[in-house]
Amino acid sequence: MTAVTDQDHTEHADQPDDADQAGSDGSSAESSAGASSAEASQDTSGGRSQEHSDHDPHARVRDGRTDATDAWDDGLIARRVNETTEGNRFPTADSRSATPPAVTPLVYDGVLRSRLEALRELVGLSRTRLDSRTLAGAGRVLDEASARRRLSGQHTVVAIAGATGSGKSQLFNALAGVTISETGVRRPTTAAPIACSWSDGAASLIERLGIPPRLRRRPLPTGDAESQLRGLVLIDLPDHDSAAVQHREHVDRILGLVDAVIWVVDPEKYADAVLHERYLRPMAAHAEVMFVVLNQIDRLPGEAAEQVLDDLRRLLDEDGIALGEYGEPGTTVLALSALTGDGVGELREALGQFVAERGAPARRISADVDIAAARLWPVYATRRRTGLSEQAREEFADRLADAVGATAAGEAAERAWLRNANRACGTPWLRLWRWYQDRGEPATGRLPSRTQADEEATARQRVEQAVRTVADRASAGLPAPWAQAVREAAARGSQGLPEALDELSVRAGVPTGRPPRPGWWPVAVLSQASMTILQFLGGLWLLGQIVGVMAPNLGVPVLLMVIGIVGGPLIEWSCRLAARGPARRYGLEAERRLREAAAGCGRARVLDPVAAELLRYREVREQYGRVVGA
Amino acid sequence: MVTLDVRPQLLDALSALRDRVAAARFPLPLAGAPRARANRDELLAQLDDYLVPRLRDPEAPLLAVVGGSTGAGKSTLVNSLVGRRVSEAGVLRPTTRTPVLVCHPEDHHWFSGMRVLPDLTRVWVPQQDPTDDLLLPGENPARVLRVETVETLPPGLALLDAPDIDSLVSDNRVLAAELICAADIWVMVTTAARYADAVPWHMLRTAKEYDVTLVTVLDRVPHQVVNEVSRQYAALLTKAGLGHVPRFTVPELPESAWGGGLLPASAVAQLRTWLVHQAQDPAARQEVLARTAYGVLDSLKSRMPALAGAAAAQYAAALRLTAAVEGAYDSEHTRVRGRLQSGAVLAGDALKRWRAFPLDCTAGELLDALVESLSALLLCAVTAADERVDDAWRREPAAAAPELAVRDSAADSAEHRIGLAVRRWRRELEEYAEDEVRELDRALAPDPELVAALVATSLLGGRRGRMAGESLAERIGAHGALRLRDRAGRLLTEHVERVLHAERERRLAPLDALDIHPEPQAELIAALSVLQKER
């Protein structure tokens, strides 16, 4: 009866009939509600949930099955299990009232709420940077969290999972106190999940799991037991390790939706690789909402049960699952025998306490968030401090200055100024000699080229290299998608940067024409001129004496001439010394102007977009920190 | 009936094939690579541990390997078959960590040497205290084979108790697969609780694929459900096309596994009889041998092309990676040539120097600036090419190989190497200029450094550097200027090419070190066809 059959797909119309039959049969479990009222309501609710099951679980099962037939041709026993007595023996639960009772929705506590909020923000902020596949896990957690929040907070959905033949159904029945799920020696036995709810109002919860109404049950009302487990919704899952693939799909799907899991293992299979590697290790974060029970201890002699239980604890510990020992939160590990009932009471007690706390759904979602955050770790976390260091910025400015040739321009300006100063303050004789020399010298490229404006005066390769280096620096240590975003921002900014620098170096470059002169310059020129005049004066005087026009007086004119001859070069020399400072200042000023203009241009076009991208990353990182809960 | 006749040519072909398989490597992390690596290892193990020794010594004892899931009771079964506790059994999983081979004392020499399972160290001393082993799991006993001799086993038959095929310890899993591959008879043990598990069925399907001699044991079946369970199991086997496989059912008895005791002889009598019959009846023995050996030989027909395909995929991926590198460097080379022609080197600093030359700038400074600008151009080209390669490789799954991720300490060293090359170019250029000036032999010969600077400017400056050429011609004569310029131009092209080539080779070096060639594919197929011909 447990398997979903092909008949079920085709004969939905049968269901109300089945329900009628169930009502009239009045089987053992049908006791909490009157048969006649059930009949009426079942018609309506059956129809309602039929719609639901039309799209959801059946379709999935059907898909799974076709896949399975393709992939496995070894014959699945599950398909040939006698399904003829489908769902007739037991009444379906939670379908007796058309309007479900008022359900108190689940409330998450503040921490979890803020973490979920941060996760939502995080997904929103990163959508443009990360591909949707990376974010799918987080999106799913958000969806499930909000879906679960809308549903009852008074119920705890607990799934019983385990390998084939571990006795899941046996345990299910033992907890329910009635044979709901068929047990048997055929493997695998249970093919579709069955739900059993200890109190009303869980219909929507079970519906979310995609369990059709005909597979929903009520436990045997034993009064005491029922009140102990009030609020529990127990799901019996198919196995996860048989050759029947669709069983595994059922299990994987439902494990993602339930609030807690009881893993049933047996002495034969407790160390199976598939259990530990495929399920327990990835679910280690869910330790607080897991029970691991070692079933079939009746098959173990004496102290062997303790030994096996210890070994099981060791394996769980190796899987990274926190064990709930000594009052610490974690997985509860129990040994029991569903067959003899040994230890079932303990589990019932633990479950009762667990359900009464009503904390499982939130803890489960919290663990889901943990896992989603851990998965996202590589795309958000950095190993070292990120950001653009001051040094990197300066280096970028230096490279741009090199590209526009600021240093060379400054030096050239300095030398030109010095040259002009020397020429202006030099003795006329020296000037004459230089002029004569220049006449003999062939002209170099300087004269015609001075006039033409340079195209592409900026070194393209240096700009490119500067941008690349700064982008590399900025993105060092960032997770790949964000590093990519930073590099893209830099590359976008660098488009048109060389042209802008070209234009700028024309504007901010050394102004053509005569450089400015210091205030002492006219004085120097004047005194140089006066020295020349003194020489002339002395010479003329001497000449006059020789000619005999003037009275012979050798001392004064010679003195004048000597003063002129010695003073001219002296003034030139001192001027040269004095000009060095202003020339240097002038050159530095020219260099600084060019450098600052280039740096400003680079900052506006490249550094600012890069910094904005880094800021966005930092923001996202902060959100991620909140998600992690650190 | 099939018999096993082995010609030396077949053995030769087989060892040639074995060498080819051993030489096949799949270093690039492609989608199929882990699978191919596992297949290769499995095939190699099967050739080394089973096929070659078996064909070489057809008279060696039959080896039956008992394999199955954890807790299937393999050790108990082996113990019960030989009637003695040779392999430890227990309730803690995994129990068997060291494989145990049991044979008749007369057969001991077949297994004590390295004829079969050459990878495993033999130990003869039985482990005294099994708890030691449990307490020291770090001391990996996996690569050890314990050989036990018992009189109760007939000569010509050996039993091997393998570790679990689905063990939590992955080494054990690998070892189990390897051991099973070495068997003449595969004894698959499953239990009433497990017979529908996916893992053993995978093993059964593999056995069917290789068409080996297979026997299944349904162990630990509670009395009350014997009939139902064995019927179900039979139906499953039939459906999987394994209906002809001999099945044996062993009931779960109180003295079975949990106490580590022996099952009564009656419980395993059927299986024992069957095994002994296979070993002692010559016809049955021949059939068992031939079936498994030919099954494995036949399976080569599909497994070798799969390996060859994987090898080809590796080569194709390596080619794609190489092409990405070469494409990136080629296009950067073109770009560099274009830029050299358009005079991009004479820009920025160098251009400012040239504008100031010769009044406010010396020839040496101009040459320095040009050299620096040229190395900036080359460095930019190299890093751009590397970036392109990175981009292209990011889309290639094969580029994730750890060997390829190790880059020589990146851009700094490239900068260093380029700087060296460019400075060498400058030195050679100056030498050329000196030669040219010396030939002039004039009283008013210009300074060689000035000549070098002018040549470099006219060479690297494009249109802007034309003035330098004219000025050079004025100084050393049109003819000399032309000759010098040509020589310097050739030198420049040569150096640029050498730099880019060297950087490309550096980038390709890790890929070349992986040594991926197209030959293995052809060699694998060729070895297979030789083998086919020899059969």
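The values are calculated or read from the model by the stated rules, or taken from the named source; none is laboratory data. Predicted model only: the values in this text are computed from it and were never measured. Cβ placement follows ideal geometry from the backbone for every residue including glycine, while neighbour counts extend to all protein chains displayed. Note: areas computed on protein heavy atoms with side chains; ligands, DNA, RNA excluded. Shrake-Rupley method; radii C 1.70, N 1.55, O 1.52, S 1.80 Å.
Values for this structure:
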quantity	calculated
Total charge dipole magnitude, the range B:479-535, about the Cα centre, Cβ charges on Lys, Arg, Asp, Glu only, Debye to nearest 20	420 debye
Whole-percent carbon and sulfur share, accessible surface of chain B, 1.4 Å	54 percent
Listed residue (A:Leu294, A:Leu315, A:His247) projecting farthest to the positive dipole end of the range A:242-333, Cβ model	A:His247
Extension gain, A:Glu395 back to A:Leu559 (0.36 nm per residue minus Cα-Cα distance, nm)	53.0 nm
Phi to ³J(HN,Hα) by Karplus 6.51 cos²θ - 1.76 cosθ + 1.60 over the range A:536-543, Hz, x for Gly, Pro	4, 4, x, x, 4, 4, 4, 4
Computed lengthening from A:Trp573 to A:Arg375, 0.36 nm per intervening residue step minus Cα-Cα distance	63.7 nm
Magnitude of the charge dipole, the range A:497-630, Cβ model with Lys/Arg +1 and Asp/Glu -1, debye to 20	280 debye
Semi-axis lengths (Å, descending) of the ellipsoid that matches the C-alpha gyration tensor of the range B:460-535	58, 14, 8
CD proxy at 222 nm, helix term only [per DSSP H run n ≥ 4: -39500 (n - 2.57); per residue of chain B; nearest 500]	-20000 deg cm²/dmol
Simple spin-label estimate for B:Asp515 and B:Arg337 in nanometres, 7 Å along Cα-Cβ	3.6 nm
B:Ala522 versus B:Arg247: modelled label distance in nm, points set 7 Å from Cα along the beta carbon direction	5.2 nm
Listed residue (B:Val245, B:Thr191, B:Ala13) projecting farthest to the positive dipole end of chain B, Cβ model	B:Val245
Contact surface B-A: accessible area buried, both sides summed, square angstrom, 1.4 angstrom probe	5800 Å²
Cα-Cα separations in the range A:278-424 greater than 22 Å, expressed as whole percent	65 percent
Kirkwood Rh and Cα Rg combined as Rg/Rh, the range A:161-267	0.95
Cross-link reach list, lysines versus B:Lys208, counting only Cα pairs under 19 Å and skipping chain neighbours closer than eight places	B:Lys239, B:Lys301
The range B:420-516 - Kirkwood radius from inverse mean 1/r over Cα pairs (Å)	14.7 Å
Buried on assembly, the range B:325-352 (at least 10 Å² less accessible surface than by itself, 1.4 Å probe)	B:Arg335, B:Arg339, B:Ala344, B:Ala347, B:Gly348, B:Asp349, B:Leu351, B:Lys352
Of B:His479, B:Ser373, B:Ala445, farthest towards positive along the dipole that unit charges on Lys, Arg, Asp, Glu beta carbons give the range B:357-496	B:His479
Loop-resident sites, the range A:240-316, for GluC sites (Glu not before Pro), counting at most 13 other Cβ within 10 Å (DSSP)	A:Glu303
The range A:107-184: trypsin sites (Lys or Arg not before Pro) in DSSP coil with no more than 14 other Cβ atoms inside 10 Å	A:Arg127
Student exercise, chain B dipole from Lys, Arg, Asp, Glu Cβ charges, in Debye to nearest 20	1320 debye
Peptide A:271-279 - average C-beta neighbours from other chains (10 Å radius)	5
Equivalent ellipsoid dimensions for chain B as semi-axes, Å, which come from the Cα gyration tensor, largest first	77, 23, 19
Probe 1.4 Å, protein heavy atoms only - accessible area per residue of the range B:410-535 in square angstrom	53 Å²
All-pairs alpha carbon distance profile, the range A:351-421, 10 Å steps from 0, percent	15, 17, 15, 13, 11, 10, 8, 6, 4, 2, 0
Per-selection Rg to Rh, the range B:228-345 - Cα, Kirkwood hydrodynamic radius	1.47
If the convex hull is drawn through the Cα atoms of the range B:177-228, its volume per residue in Å³	85 Å³
